[in-house]
1. Among Ile406, Ile393, which is the only one that is under 30 Å from Ala55 (Cα atoms) and either at pLDDT below 95 or small (Gly, Ala, Ser) (or both)?
2. Inspect segment 328-338 for any residue being under 30 Å from Asn127 (Cα atoms), polar (S, T, N, Q) and under 17 Å from the mean Cα position of the chain (by Cα) and give the result as yes or no.
3. Could you look through segment 55-67, keep only residues that are in contact with a strand residue (DSSP E or B) (Cβ under 7 Å, 6 or more places away or on another chain) and either surrounded by fewer than 19 Cβ atoms within 10 Å (Cβ to Cβ) or not assigned by TED's automatic domain parsing to the domain that holds Trp356 (or both), and pick out the one that is farthest from Asn294 (Cα to Cα)?
4. What tally of residues in segment 179-189 results from selecting those that are under 21 Å from Leu387 (Cβ atoms) and either in contact with a helix residue (DSSP H, G or I) (Cβ under 8 Å, 6 or more places away or on another chain) or β-branched (Val, Ile, Thr) (or both)?
5. Would you check if there is a residue in segment 228-238 being hydrophobic (A, V, I, L, M, F, W, C), at pLDDT 95 or above and not in a loop (DSSP other than H, G, I, E, B)?
6. State all residues of segment 156-186 that are surrounded by fewer than 22 Cβ atoms within 10 Å (Cβ to Cβ) and either without any contact (Cβ under 8 Å) to a residue 24 or more places away in the chain or of a type in the set (Ser, Thr, Tyr) (or both); if no residue qualifies, say none.
7. Considering only segment 289-303, state which residues are part of a helix (DSSP H, G or I) and among the acidic types (Asp, Glu).
8. Considering (1) more than 14 Å from Leu126 (Cα to Cα); (2) modelled with pLDDT under 95, say which one Lys147 fails and leave the rest.
Amino acid sequence: MKKQWLSIALAASVALTMPLAAMADDEAAEGEATAVTTVGPEDGTHFELWSFVDAHNEFYGKMVELWNEQNPDRPINVTFSTYPYSDMHNKLMMSLQAGSGAPDMCDVEIGQFPNYVGDDCPLYPLNDALADYEEDCVQSRLDVYSKADGTRIGVPTHVGASVMYWNADIFEEYGLDYKSVKTWDDYTELGRQLKEASNGEVYLTSVDTGGVDWMWIAMAEYGEDWTGGPDGEVNVELDSVKKMMEMQKGWLDEGIAMISTDGHVDLEAGYKNVAEGTIASFPKAMWYMSRFTNYMPEMEGTYDITTIPVFEEGQKCSVGIGGTGTVVTEQCEDPELAAEWLAWAKLSEEGESYIWSVLGFDVCNEALWFDDDFAFDESNQYNTFFLVKPYEILRELAEEDAIGTIYTTTASPTLNDYMCTTTLNEVFEDGMDIDEALAEAQEYIEMELM
């Protein structure tokens with residue numbers, strides 16, 4: 001059974017292509033940590049934790065200090081190592097395969113998670129550690145870091161709820177009402193009005209060829225999932241996917257949308273299009289808020305956030321996109337303590353406060369969404385940067401149970417890679433028939449997954 005897990009894991013690892021790989025430090029030697037720090041008293045229980053994001057390890061370090069203050073009888077000492085994205089995930093995989101050398105805990109990016117959900121999974125079950133938080137957490141986030149049988153093997157960092165970002169200044173300038181948009185038909189009509197009012201100088205949005213967020217949104221709205229879920233079969237020829245692609249192709253043909261520069265808005269060229277007002281709106285996860293504060297600070301007071309339009313009223317209007325699940329490996333000598341600390345660090349009010357106020361992520365503990373002191377604190381930069389307090393929108397999503405789930409499975413790397421390198425470009429750049437392009441994608445993916 002162990003060999004079965006390893007063959008699945010290694011195949012998925014080799015095939016995986018994710019935008020986050022761009023975060024890696026190109027100057028670091030292969031497999032070499034770019035930063036190493038140790039936090040906590042020397043007599044505390046020692047753990048090692050790996051991540052591919054410095055900011056994550058800074059957060060964990062703060063939570064070690066706070067844990068030790070609150071638990072003087074059970075102090076912990078943690079060595080944090082930050083590696084380039086690909087190096088860390090490969091190093092983790094190899095050490096688990098070898099049966100030694102793995103850290104006690106490790107961040108695992110959601111696109112890599114399928115590598116660990118097979119038979120004889122080498123990760124410690126976290127159900128007991130998460131029990132105190134389970135009821136208050138957004139279930140879709142717990143589910144994506146779980147095995148098919150419901151065993152929780154990762155603690156989520158954020159929800160990544162998708163929302164709509166609007167340049168309110170542009171719509172005010174042209175006297176257009178974006179707030180009345182409820183459906184994609186409404187959105188399309190707004191695009192026509194914007195094209196006419198701006199003489200075609202401003203696009204309503206941009207269409208991605210290097211990312212599948214739009215497809216995820218469509219699938220969530222119709223309750224479909226091209227991965228088939230943990231036990232299903234891949235099917236990219238879904239009505240939801242076709243409807244989204246047909247609509248986007250129509251926008252391009254009418255000149256109310258442009259093709260995303262460099263493939264999607266979460267790159268430097270995308271930030272430029274947003275900041276310069278080349279596009280007036282786009283859907284993206286809540287975590288994109290930090291892109292504004294980090295890369296487009298001049299946009300403060302310009303952008304509004306709403307729920308995403310739907311094809312049919314009453315559909316779910318959001319989906320969790322992206323994320324990092326932190327795991328405890330079975331090579332950990334005290335996995336129970338590691339799991340308890342990890343769940344507390346990421347899901348307690350103390351941990352979630354840091355995740356929200358410093359990292360700018362929408363937290364998984366949904367109970368805190370309705371705590372005014374937590375959600376609407378005026379000292380939080382995200383509550384003053386935008387024209388709405390972000391948790392006003394999250395509360396709306398929670399009250400309507402509007403956040404859908406799309407799974408990341410062992411098929412996801414192959415599926416996502418082909419869609420982003422071939423299918424979306426064939427349709428939007430080359431004008432290929434949508435049904436033909438999706439049929440071609442389905443055939444290729446099935447062949448690759450045999």
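The values are calculated or read from the model by the stated rules, or taken from the named source; none is laboratory data. If you're wondering where the values come from, they're calculated on a predicted model, not measured in any experiment. FYI the Cβ positions are ideal-geometry reconstructions off the backbone, even for glycines, and counts take in every protein chain you see.
1. Matching residue, one of Ile406, Ile393: Ile406.
2. No, that holds for no residue.
3. Among residues in segment 55-67 that are in contact with a strand residue (DSSP E or B) (Cβ under 7 Å, 6 or more places away or on another chain) and either surrounded by fewer than 19 Cβ atoms within 10 Å (Cβ to Cβ) or not assigned by TED's automatic domain parsing to the domain that holds Trp356 (or both), the one farthest from Asn294 (Cα to Cα) is Glu65.
4. Qualifying residue count for the region: 2.
5. If we filter segment 228-238 for residues that are hydrophobic (A, V, I, L, M, F, W, C), which is where we start, we get 234, 236, 238.
With at pLDDT 95 or above added as a condition, the list becomes 234, 236, 238.
Applying the additional criterion that residues be not in a loop (DSSP other than H, G, I, E, B) yields none.
No, segment 228-238 contains no residue that is hydrophobic (A, V, I, L, M, F, W, C), at pLDDT 95 or above and not in a loop (DSSP other than H, G, I, E, B).
6. Glu172, Glu173, Tyr174, Gly175, Leu176, Asp177, Tyr178, Ser180, Thr183, Asp185, listed by residue number.
7. If the condition is that a residue be part of a helix (DSSP H, G or I) and among the acidic types (Asp, Glu), then Glu298 is the only one that fits.
8. Tallying (1) more than 14 Å from Leu126 (Cα to Cα); (2) modelled with pLDDT under 95, Lys147 fails exactly one: (1).
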